[in-house]
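Peer 1: The structure follows.
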Protein chains: 2
Amino acid sequence: MLAEIITIGDEILIGQIVDSNSAFIGKELNKIGIDVYQITSIQDDKQHILTALEEAKNRVDIVLITGGLGPTKDDITKHTLCEFFGDTLIQNDDVLLHIETLFAKYINTPVTDINRMQALVPTTATVLMNNFGTAPGMWLEKDDTVFVSMPGVPFEMKNLMKDEVLPRFQEKFNRPFIIHKTVLTYGMGESAIAKKIEQWEDELPSFIKLAYLPNLGRVRLRLSARGTDEKLLKDTIEERITDLHILIGDIIVGYEEDESIEALIGKLLASRGQFLAVAESCTGGKIAQSITTRSGASSFFKGAAVTYATQSKTDILGVHEDLIKKFTVTSAEVAEAMALGVKTRFNSDYSIATTGNAGPSKGDGDVEVGTVFIAIATPNRVFSEKFVFSNLRERTIGKAVNKSFELLLNELN
Amino acid sequence: MLAEIITIGDEILIGQIVDSNSAFIGKELNKIGIDVYQITSIQDDKQHILTALEEAKNRVDIVLITGGLGPTKDDITKHTLCEFFGDTLIQNDDVLLHIETLFAKYINTPVTDINRMQALVPTTATVLMNNFGTAPGMWLEKDDTVFVSMPGVPFEMKNLMKDEVLPRFQEKFNRPFIIHKTVLTYGMGESAIAKKIEQWEDELPSFIKLAYLPNLGRVRLRLSARGTDEKLLKDTIEERITDLHILIGDIIVGYEEDESIEALIGKLLASRGQFLAVAESCTGGKIAQSITTRSGASSFFKGAAVTYATQSKTDILGVHEDLIKKFTVTSAEVAEAMALGVKTRFNSDYSIATTGNAGPSKGDGDVEVGTVFIAIATPNRVFSEKFVFSNLRERTIGKAVNKSFELLLNELN
């Protein structure tokens, strides 16, 4: 069972937006055993859409189209769909009623003709009601290939997928089981790991695939098993991971079944009734933001002080001015004082503190661009480490955030 | 001059990573007048790669390939490139020396055979030296189409693009000028705007295209002009935007030439020597993180207090316990007290404060999921507004961040 995702719209091609929709769709299809064979992003152009639809029809069983719908975009896409399916547009009364209801409830302007035209759909389309927007989803079929067209607004697409599309796929198609397990490692490079586990990798059964996913100082190893016997797949993956532990157990920090290191930390802290607070300078709030992106953070996270200005380190965290003068603001001593300060002031059990120079130019602390001190305070002690990450700002911030979580997880394990 | 981006790797297709590389490449190519006609993401599979290369060759002048390189991935991609170009692999001594130098300088493990094999390249390839990693970029040509292969690690690819690829494109190809100008609006929906500017839109010259880019309560209008006469393009865009102001000047907050509302705020504050501080509850650090992602934030940003726990609002920001008891933690009164507290404690001129319930379930404050109070303190006053954004966590946080910046920008304008 193969799928292709077609995204329509110039905004992806000119790089104005990043295509996060396809990643979401890929992940969700994968969970129910449907493989994405290809993702194709094309221009909002009639001939290009027709060609892409035809090519996809010959490659795959399912085509998911996102984008090209919406009050100001409907025109080309829906007429092109009609041409491809040899169909015409007709008004769908349920959609029209839904549009009018949405406007009455949430929008304080009258319904325009442009909005009403969103109720036009091809006569052979099954309408998939979009509860979060005015552009309906559409399900069409041609020569045994299913085509699903959805608006490109991410939360509208996501809800259509969950409520309408995925349940229909599950009902209509026989699918194999696909099981992923991702091993989180740190502290060793991709090729060094590859060398250490070479024989283990060669001996994996053919139904298990291994992928190396390096990112900002972490390598994740993803095992994917596919087949009809779910228990066999699960058991084999567990077996092989046990063997993997013998080889590189020292660099494995945990597993990810849709989980991040932040989530692992949260689980450990919450289960012990302990709390974390964070003091951020060069990471500028990214640690706090990474923690609070997921719901449930209040069960283990007290908060953070983003002390970007030097004076704020004193005013908010109580770091002594003399200490800053003596050691400079980017130092192990200041990082540790920040960690202790934020732990006391937020009344937490653990804390993380970062201070450094993410660049692009040297700060008043005189340290090299990319230098970051990370301090961790636990109920018993405080310590810090110095890192020189990169001369690229974004990369230094990203690596500092990841490394902070690793250092903390080490203390919790 | 048309380009296609081919990304190789299962991790994009199964949604484990979002393809941000293509957005970067699209943006950079667009700046120098090269159009991305299509983005194609394919599996790490020999036949699939061969088909995609052949199809792309027939569609475009330039093919940019990312991914499929790296110590554990080289094998399939490089051999497939050789098959496609009728070539064989040969060791490149410069690359080998570079790999050995990188290992000696940054990596504390010996160079392995897997690493050494990264120095193998097709004999007809021009090597593009990757200063930030071990996998080299490669430039190949076939039947008047240029193929550039780069590793998928974002910062390695970005530097290869800037240092090696873009300069070569600029030298090799004649390109038209492409000028974009994006108008930032708020407070009006896509279709309402479309109706208001319908006639203006119809009268745009054929060399100017208009795109509507709606996102979390903001609609951006992107004008793109293309042609050989740069001055004509710029003048015409300015002219049409002047006309646009007459129609919807009340909802235009600024312009974006690669700029965000955060950058606009930063510019205004820095030019006046004024500073901002932020108190975040439900937005969890995302406002601070949005501000500090760009360099130069220290010229206008003092810092932030992420007071996630109720007690922290009292301990860190000095919000009175009685006030919280009387009005609940999610209230206009508490938001305003947070804004005043953070302004005083961080010694800033302006401040933003957020408190709300992003969901997914009702907090102890008893307000509906999606309710957020945003307070703004200026040198002269403090005020707040109540919003009910969404029952989706991510969306509520995103909208609260955007709305906070809008409210602040209004005060600065």
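Nothing in this text is a laboratory measurement; each read-out follows from the coordinates by a stated rule. Every value quoted in this text rests on a predicted model; they were computed, and no experiment measured them. Every residue, glycine as well, gets a Cβ built from its backbone with ideal geometry; the counts of neighbours run over all protein chains shown.
Peer 1: Would you mind calculating the gained length between B:E368 and B:N380 on full extension (0.36 nm times residue separation, minus the Cα-Cα distance), in nm to one decimal?
Peer 2: Details: separation 12, 0.36 × 12 = 4.32 nm, distance 3.15 nm.
The span from B:E368 to B:N380 would gain 1.2 nm if fully extended.
Peer 1: Here's a follow-up. With angles folded into 0 to 90 degrees, how steeply does helix B:46-59 sit against the dominant principal axis of chain B? Use alpha carbons for both and round to 10.
Peer 2: The answer is roughly 80 degrees.
Peer 1: Using label points projected 7 Å from each Cα along Cα→Cβ, tell me how many nm separate B:Q47 and A:E239, to one decimal.
Peer 2: 2.9
Peer 1: Next up: Report the charge-dipole magnitude of chain B in Debye, nearest 20, computed about the Cα centre from +1 at each Lys and Arg Cβ and -1 at each Asp and Glu Cβ. List each step's numbers first, then the result.
Peer 2: Values: 43 positive and 57 negative charges, 273 e Å.
Taking the Cα centre of chain B as origin, the dipole is about 1320 debye.
Peer 1: When DSSP beta bridges are limited to those with both residues in region A:36-160, what percentage is antiparallel, rounded to the nearest 5? Let's see the in-between values first.
Peer 2: Working: 11 of 16 bridges.
Counting only bridges with both partners in region A:36-160, antiparallel ones make up about 70 percent.
Peer 1: Oh, and also: Just to verify a number: FRET efficiency for B:K325 and B:R272, C-beta to C-beta distance, R0 = 35 Å, to 0.05?
Peer 2: Values: r = 38 Å, r/R0 = 1.09.
Working from the Cβ atoms, E equals 0.35.
Peer 1: To continue, here is another question. Mind checking the angle between helix B:332-345 and chain B's longest principal axis? C-alpha axes, 0 to 90 degrees, to the nearest 10.
Peer 2: So the inclination is approximately 70 degrees.
Peer 1: Which ³J(HN,Hα) values in Hz, rounded to whole numbers, follow from the phi angles of region B:373-384 under the Karplus curve 6.51 cos²θ - 1.76 cosθ + 1.60, where θ = phi - 60° and Gly and Pro get x?
Peer 2: Values per residue, Gly and Pro as x: 9, 10, 10, 10, 10, 10, x, 10, 7, 9, 8, 9 Hz.
Peer 1: Suppose each label sits 7 Å from its Cα in the direction of the beta carbon; what would the A:A104-B:Y106 distance come out to in nanometres?
Peer 2: The answer from the label model is 6.2 nm.
Peer 1: Subtract the Cα-Cα distance of B:F207 and B:D61 from 0.36 nm times their separation in residues, and report this length gain in nm to one decimal.
Peer 2: Roughly 50.4 nm would be gained on extension.
Peer 1: Nearest 0.05, what FRET efficiency do B:E198 and B:A332 give at R0 = 51 Å with Cβ-Cβ as r? Don't skip to the answer; put the middle values down first.
Peer 2: Values: r = 39 Å, r/R0 = 0.76.
After rounding to 0.05, the efficiency reads 0.85.
Peer 1: Say the dipole of the protein assembly as shown comes from +1 at the beta carbon of Lys and Arg and -1 at that of Asp and Glu; which of B:I241, B:T355, A:N391 then lies farthest toward its positive end?
Peer 2: Towards the positive end, the residue furthest out is B:T355.
Peer 1: So which aspartates and glutamates can A:K195 reach, going by Cα to Cα under 20 Å and dropping same-chain residues fewer than 8 places off?
Peer 2: A:E203, A:D243, A:D250, B:D74, B:D75, B:E100, B:D113
Peer 1: Hey, what did region A:344-411 get for relative contact order, percent, Cα under 8 Å, at least 6 apart? Kindly include the intermediate steps, with their values, before the conclusion.
Peer 2: Numbers: 108 pairs, mean separation 19.8, N = 68.
Over region A:344-411, the number comes to 29 percent.
Peer 1: Hey, can you rank A:345-353, A:173-181 by average C-beta count inside 10 Å, highest first? Spell out each step's value before the answer.
Peer 2: Values: A:345-353: 24.1, A:173-181: 15.9.
Most protected by this proxy first, the peptides run A:345-353, A:173-181.
Peer 1: Right, next: Under the convention of a label 7 Å out along Cα→Cβ, give the distances in nm from B:G273 to the same position in every other copy, shortest first.
Peer 2: Nearest to farthest, the other copies are at 5.4 nm.
Peer 1: Hey, what did chain B get for relative contact order, percent, Cα under 8 Å, at least 6 apart? Mind dumping the intermediate values first?
Peer 2: Details: 750 pairs, mean separation 42.2, N = 413.
Computed value for chain B: 10 percent relative contact order.
Peer 1: Enumerate lysine pairs in region B:30-157 that are 8 or more residues apart or on different chains, then count those whose Cα atoms are under 17 Å apart.
Peer 2: Values: B:K46/B:K57; B:K46/B:K73; B:K46/B:K78; B:K57/B:K142; B:K78/B:K142.
Lysine pair count for region B:30-157: 5.
Peer 1: Turning to a different aspect of this structure: About its Cα centre, how strong a charge dipole does the protein assembly as shown have in debye, to the nearest 20, once Lys and Arg get +1 and Asp and Glu get -1 at the Cβ? If you can, show how the numbers build up before the last one.
Peer 2: Numbers: 86 positive and 114 negative charges, 508 e Å.
About 2440 debye.
Peer 1: Now for a separate question. Would you kindly work out, in nm and rounded to one decimal, the distances from the label point of A:D61 to those of the same position in each other copy, ordered shortest first, with label points 7 Å along Cα-to-Cβ?
Peer 2: Taking the point 7 Å beyond Cα along Cα→Cβ, the inter-copy spacings are 4.2 nm.
Peer 1: If I stretch the segment between B:K231 and B:E54 completely, what's the gain in nm (0.36 nm per residue apart, minus their alpha carbon distance), one decimal?
Peer 2: On the way: separation 177, 0.36 × 177 = 63.72 nm, distance 3.87 nm.
Stretched fully, the B:K231-B:E54 segment lengthens by 59.9 nm.
Peer 1: Let me ask something else about it. Return the single residue from A:I62, A:I25, A:I76 with maximal mean-square fluctuation; model: Gaussian network over chain A, springs between Cα atoms under 10 Å.
Peer 2: So, out of A:I62, A:I25, A:I76, the one fluctuating most is A:I76.
Peer 1: Moving on to the next point. Quick one: what are the phi-derived ³J(HN,Hα) couplings along region B:159-165, Karplus 6.51/-1.76/1.60 with θ = phi - 60°, whole Hz, x for glycine and proline?
Peer 2: 5, 4, 4, 5, 7, 10, 7
Peer 1: About the Cα centre of region B:2-172, what is the dipole size in debye to 20, counting +1 per Lys and Arg Cβ and -1 per Asp and Glu Cβ, all else neutral?
Peer 2: In debye, rounded to 20, region B:2-172 gives about 400.
Peer 1: Here is a further query. Looking at B:T51, B:H79, B:F132, which one has the Cα that reaches farthest to the positive end of the dipole of region B:2-172 (charges on Cβ: Lys, Arg +1; Asp, Glu -1)?
Peer 2: The residue sitting most towards the positive pole is B:F132.
Peer 1: For A:F155 and B:Y255, what is the calculated FRET efficiency with R₀ set at 30 Å and r taken between the beta-carbons, to the nearest 0.05?
Peer 2: Numbers: r = 27 Å, r/R0 = 0.89.
Plugging the Cβ-Cβ distance into 1/(1 + (r/R0)^6) gives 0.65.
Peer 1: Shifting gears a bit: In degrees between 0 and 90, to the nearest 10, how far off the longest principal axis of chain A does helix A:74-85 point, with axes built from Cα atoms?
Peer 2: 60
Peer 1: Placing a label point 7 Å from Cα toward Cβ, how far apart in nm is A:D163 from its equivalents in the other copies, listed shortest first to one decimal?
Peer 2: 5.0
Peer 1: Between region B:230-279 and region B:90-119, how many Å separate their Cα centres?
Peer 2: 48
Peer 1: On to the next question. Work out the mean other chain Cβ neighbour count within 10 Å for the residues of A:60-71 and drop it here as an integer. Could you put the intermediate results ahead of the total?
Peer 2: On the way: counts 0, 0, 0, 0, 0, 0, 0, 0, 0, 0, 5, 9.
Across the residues of A:60-71, the mean count of other-chain Cβ atoms within 10 Å is 1.
Peer 1: Which of A:S20, A:S281, A:S290 moves most in a GNM of chain A, Cα contacts under 10 Å?
Peer 2: Between A:S20, A:S281, A:S290, it is A:S20 that shows the largest mean-square fluctuation.
Peer 1: Please tell me which of these pairs span more than 30 angstrom C-alpha to C-alpha: A:K267/B:K343; A:K267/A:K325; A:K267/B:K313; A:K399/B:K209?
Peer 2: Working: A:K267/B:K343 34 Å; A:K267/A:K325 39 Å; A:K267/B:K313 24 Å; A:K399/B:K209 40 Å.
Too far apart for the 30 Å limit: A:K267/B:K343; A:K267/A:K325; A:K399/B:K209.
Peer 1: Along Cα→Cβ, 7 Å out, is where each label goes; now give me the distance between the ones at A:L412 and B:K31 in nm to one decimal.
Peer 2: Result: 3.9 nm between the two label points.
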